[in-house]
Amino acid sequence: MVTYLLRRLGAGVLLLAIVTLVTFLIFYVVPRMAGQTVQQLATMYVGKAPTEEAIQATIDRLNLDQPIALQFWEFIKGIFVGATYNFGGREVVCSAPCFGYSFQNYTEVFPEIVARLPVTFSMAIGAGVIWLVGGVSVGVISAIKKGSVFDRVSMGLALAGVSLPVFFTGLLSLAFLVHSWELFDTPRYTPFFEDPVAWATALFLPWITLAFLHAAQYARQTRAGMLETMGEDYIRTARAKGLPEWKVILKHGLRPTLTPIVTIFGLDLGLVLGGAVLTETVFSLNGIGRYAVQAIISQDLPVILGVTLFGAFFVVVANLIVDLLYAWVDPRVRVAG
Amino acid sequence: MSKSSLGLAALGVSSVLLLSACGGGGGSDSGASGSFDQGTTEVVNASEEQGGTLRYAISANIESTDPGNTYYGYVWNFSRYYARTLLTYSAEPGKTTETVPDMAAEMPKVSDDGKTYTVKLRDGITFEDGSEVTSEDIKYGIARSNYGDDALPNGPRYFKELLADSDDYEGVNANPSDPLAGFDGIETPDDTTLVFHLKKAFADFPYVLVQPQTAPVPADADKGQQYQEHVVSSGPYKFEGDWSPGNGLTLVRNEEWDPDSDPVRPALPDKITVEEGVDQNEIDQRLVNGELDVDLGGTGLGPAKKGEVLTDEEAKANADNPENGSLRYVAVNTVVEPLDNEACRQAVMYAADHNSLQRAWGGAAGGEIPNDVIPPAIAGHDPKLDLYPSEGDKGDVEKAKAKLEECGQEDGFSTNLGVRSDRPTEVAAAEALQASLDRVGIKVDIKQYPSDTFTNTQAGSPDFVHENELGLNIYGWIPDWPTGYGFLSYIAHGDNIKKAGNSNISELDDEEINEMLTDAVATEDASEQERLYQEVDRRIMETGAILPIVFEKSVLYRPESLTNVRFSAGYAMYDYMPLGTTNT
């Protein structure tokens, strides 16, 4: 088990290192290959009245004219020991872990991501619980009542959920549930520890919107898995032993079906934690996704790089947790490890 | 990333469709509080009622809260809540382009040669910690935003261009023990007097003193660009906590502010909040529903809500449709061949169908068709000027062809047109122009660029323009101050052609224009100034370097909750200082 864990951990760290390198190359080398000069790169950081002196000062400050390997080394060094940027006589310290410094917003990237984490985390967790519990429950009932009205309606809804994008369902809910019928207040994030009720109320619509998209996939996957499992011989044996039906379904039917569900849940949750771009934008929630969108629009490269790395980190960690859960869900993994 | 971009584009389209579907002025506060366009010329919902929370929202992040590090009109307007300036624009309807004293006790005294301006400060102006604001604090604020390689990057540099005896000064960071040593363009003989020494007479200098760079900054609180986190207040409101971009801003009352020292701000609300990064359609919907008081950006309703409000009589009564002082135009480059030939440029001027350009800009509510460059609110505008007349403003194809013959391009020519891809109105105007020029054989290839880099690295970079043969670029101009010089110098004076961030995109360098602009701003005689600006206006049109599209109009919405509303032509949006709210 320990070897298995270490192996997965090592693979995760390696993956993060590769993602870091590739992302860095995309943002700092590709523009140069596409013909952008060092001056043009620097112009993006010198505001609306760029003088030649200010452009040169920016090139020096950001080492933009240095070899790319040195620039990458400086970036990696910043993550572990921090970095210092010199503005004339004034120094700006980007403390470790320094994921970059936004020269458009004049802020360190890491604290900005951390400040937005509660919003994204709250949204991901709430929506995750709803889509997992909702999707799996609907899938189980649909499988048991195959061909019933419930099955047909829920699978129809599931198809709609998969097909309809967040920018449609989200705006629909805002347009009708909030603005026209006034059933909900406009979603505005309140920290959980400040007011748990306001926290849940504000996030309810984003949760449902995000969960509607994901739950559909889980319902369909669970239904398919359950239908396959419930036809197995050991289910017949379990029933023959006289086990109550709920035990047969939950313990013997559902458990093997959960293995692929856990896999996709880990990936989905990791992706949402890395920023639910559309949901956060639609509901004007100030999470990591919207931070990324704004950075992309204003071409704030250090922020894009920082958010990408953070997103990758969440996906890797979520995968690691999934691997551990495998060992619990499927004993064969433990044995193999 | 491409998936996100596609998604966001679709998001924009969907939001327009959906949020317009639920509107119809059916919100809780849809009753009218005035009549259509009343706020352009009068005060609507006049009130002296104090209290409540005034709610602002903006679709982007606030550019910067630092008064020394901003070039957006909405920040210049808004920052006055916490950063007082030497002068400001009058809040009196009909006089909103005139300057009036703010921290200054009276209007500056000008020396006979027009090169020295003396400003006396009022008594009782303090920072939020109760310490007195001195002339040195104001001088420091100007120094940090204008001088040195590390000067704050976002704002203009008018003081550096205009002040004498300061060319060798390297900024506040060069000598930390005496940050103002060598900055001799401003004298501070005592704590309440500033004496500005100019290189040459500059009659528009009072407008420069309106800029937020004249707000006082205590040297020991300056953290460079990070000062934006907590600007030390000299106005009626101060920051509650710190600000960082995207996280919203809350202002609360500054108990140290003395109302007797401030004739400009009634300071009605108890609290002011700003929500950042709210989708524009969502902002518009909340305004109409009464869930929000002001769109901080001040550019008006988006296309979907604009159409809806203007067709609903009840909602329309809560809207104003002022000219926002902006000229939208096509910069016709004077260097890229064959447009380097004046007759070829004039062919473009004749061939353009102004009617279709106006329709692309949203029709009459989007703006008036101009025949010159200087907008109506600015002295120098000539309503009689019409150098390229045509029936129904549809362009004169015959005269265009004659001009093409004159410039040796009788079969027409090909050129490229640069436009900001994320601005649908500009793209629509580009397509309209493409169609109208095609009538005379001028083939236009539209090249789209992101708006964030357009001014600095594409249209604003002469090298890029030449390399990519961008003979035409669609651009807009709002003056830094509402005078002929403020409007024209950056887009038409040859001395202002820059390697990057160039606003004179036409690269117009006409000796006659340069000379007249320089002369006009040196004279204090208003009628002579107006005559010179009219001449410049005519000459620019003659050169064919600027093809005007519209004098743009905004549709601003004032919810029932908003009191003391009036349009400021100086800031080209509602004047934020007098506003109050009934929202508690």
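What does the charge add up to near residue B:326, with Lys and Arg as +1, Asp and Glu as -1, over the other residues with Cβ less than 14 Å from its Cβ?
Neighbour charge sum, excluding residue B:326 itself: -2.
Where a ≥ b ≥ c are the square roots of the eigenvalues of the C-alpha gyration tensor, would you call chain A rounded, which needs a/c under 1.5, or, failing that, prolate if a/b is larger than b/c, or oblate?
prolate
List the relative contact order of segment A:2-108 as a percent without decimals, with contacts defined as Cα pairs under 8 Å and 6+ residues apart.
On the way: 82 pairs, mean separation 17.2, N = 107.
So the answer I get is 16 percent.
Need the full-extension length gain, residue B:398 to residue B:177, defined as separation in residues times 0.36 nm minus the C-alpha distance. One decimal, nm. List each step's numbers first, then the result.
Numbers: separation 221, 0.36 × 221 = 79.56 nm, distance 6.96 nm.
Full extension of this stretch gives 72.6 nm more.
For chain A, with only Lys/Arg (+1) and Asp/Glu (-1) charged at the beta-carbon, what is the dipole magnitude about the Cα centre, in debye rounded to 20?
Details: 23 positive and 22 negative charges, 310 e Å.
Result for chain A is approximately 1480 debye, rounded to the nearest 20.
Cα axis of helix A:149-163 to longest principal axis of chain A: angle in degrees, 0 to 90, nearest 10?
10 degrees
If you restrict to DSSP beta bridges whose two residues both lie in chain B, what percentage is antiparallel, to the nearest 5?
Bridges in chain B that DSSP calls antiparallel: roughly 70 percent.
Grab the beta carbon distance between residue B:423 and residue B:445, set R0 = 25 Å, and tell me the FRET efficiency rounded to 0.05.
After rounding to 0.05, the efficiency reads 0.85.
Of the residues A:209, A:169, A:37, which exhibits the maximal mean-square fluctuation in a Gaussian network model of chain A defined by a 10 Å Cα contact cut-off?
A:37
For a quick check: sort B:573, A:230 by the number of other beta carbons within 10 angstrom, fewest at the front.
Arranged by neighbour count, lowest to highest, B:573, A:230 become A:230, B:573.
Grab the other residues whose beta carbon is less than 12 angstrom from that of residue B:477, score K and R as +1, D and E as -1, and report the net.
That works out to -1.
Hey, can you rank A:143-153, B:52-62 by average C-beta count inside 10 Å, highest first?
On the way: A:143-153: 13.8, B:52-62: 21.3.
Highest to lowest by the protection proxy: B:52-62, A:143-153.
Among the complete DSSP H segments of chain B, which ones combine at least 20 Å of alpha-carbon extent along their axis with a mean Kyte-Doolittle hydropathy of 0.5 or more?
Working: long enough: B:2-21 (28 Å, 1.35); B:424-438 (21 Å, 0.25); B:526-543 (26 Å, -1.37).
The answer, listed by residue number, is B:2-21.
Select from segment B:353-410 those trypsin sites (Lys or Arg not before Pro) which occupy a DSSP coil region and have at most 16 other Cβ atoms within 10 Å, ordered by residue number.
B:384, B:394
Two decimals, Cα atoms only, Kirkwood Rh: what is Rg/Rh over the protein assembly as shown?
Dividing the radius of gyration by the Kirkwood radius yields 1.01.
Where does helix A:2-28 land angle-wise versus the long Cα axis of chain A, in degrees 0 to 90, nearest 10?
The helix A:2-28 is inclined about 40 degrees to chain A.
What number, in percent, do you get for the relative contact order of chain B if the mean sequence gap of Cα pairs under 8 Å and at least 6 apart is divided by its residue count?
For chain B, the relative contact order is 22 percent.
Top mean-square fluctuation among A:223, A:239, A:90, Gaussian network model of chain A, C-alpha springs under 10 Å?
A:90
Treat each spin label as a single point 7 Å out from the Cα along the C-beta direction, and report the residue B:41 to residue B:314 distance in nm.
It is 2.7 nm.
Helix-only mean residue ellipticity at 222 nm, chain A, DSSP H runs n ≥ 4 weighted -39,500 (n - 2.57), per residue, nearest 500. What is it?
-22500 deg cm²/dmol
Among rounded, prolate and oblate, which fits segment A:20-69 when a ≥ b ≥ c are the square roots of the eigenvalues of its C-alpha gyration tensor, a/c under 1.5 means rounded, and a/b larger than b/c means prolate? Kindly include the intermediate steps, with their values, before the conclusion.
Working: a/c = 2.26, a/b = 1.84, b/c = 1.23.
Taking the square roots of the gyration eigenvalues as a ≥ b ≥ c, segment A:20-69 is prolate.
In terms of the Cα gyration tensor, with a ≥ b ≥ c the square roots of its eigenvalues, is chain B rounded because a/c is under 1.5, prolate because a/b exceeds b/c, or oblate?
Numbers: a/c = 1.78, a/b = 1.23, b/c = 1.45.
Oblate is the answer for chain B, as a/c is 1.5 or above yet b/c matches or exceeds a/b.
Could you work out the longest stretch of chain A that avoids the GluC sites (Glu not before Pro) located in DSSP loops with at most 16 other Cβ atoms within 10 Å?
In chain A, the maximal stretch lacking such sites is A:1-181.
From the helices alone, meaning DSSP H stretches of at least four residues, give me the mean residue ellipticity at 222 nm for chain B, per-run term -39500 (n - 2.57), in deg cm²/dmol to the nearest 500.
-8000 deg cm²/dmol
Can you compute the FRET efficiency between residue A:30 and residue B:385 using 1/(1 + (r/R0)^6), with r the Cβ-Cβ distance and R0 = 51 Å? Round to the nearest 0.05.
0.55
What FRET efficiency comes out for the pair residue A:17/residue A:121, r = Cβ-Cβ distance, R0 = 30 Å, nearest 0.05?
0.75
Only the coordinates and a few stated rules stand behind these numbers; no lab work does. Note that the structure is a prediction, hence the values are computed from the model and not measured. Positions of Cβ are generated from backbone atoms using ideal geometry, with glycine treated the same way; all protein chains shown enter the neighbour counts.
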